[in-house]
């Protein structure tokens, strides 16, 4: 029985990259290694992840 592998769409790859970057930034800021990063930047990254996640889901439906 063969399994089909579906490659990730470019928008999904972008979403996963933004999600990873956001998680790393949040963790490093929490450890005070990136304490100079403003909270607004973290919020913008979170909102970017939400937007890319919605767009990626809509792309998959189409």
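Assorted remarks:
- Relative contact order computed over the chain (Cα-Cα under 8 Å; 6+ residues apart), in percent: 45
- Computed on the Cα trace of the chain, the radius of gyration divided by the Kirkwood hydrodynamic radius gives Rg/Rh = 1.16.
Rule-based calculations on the coordinates, nothing more; no lab input. Note that the structure is predicted; figures quoted are calculated from it, not measured.
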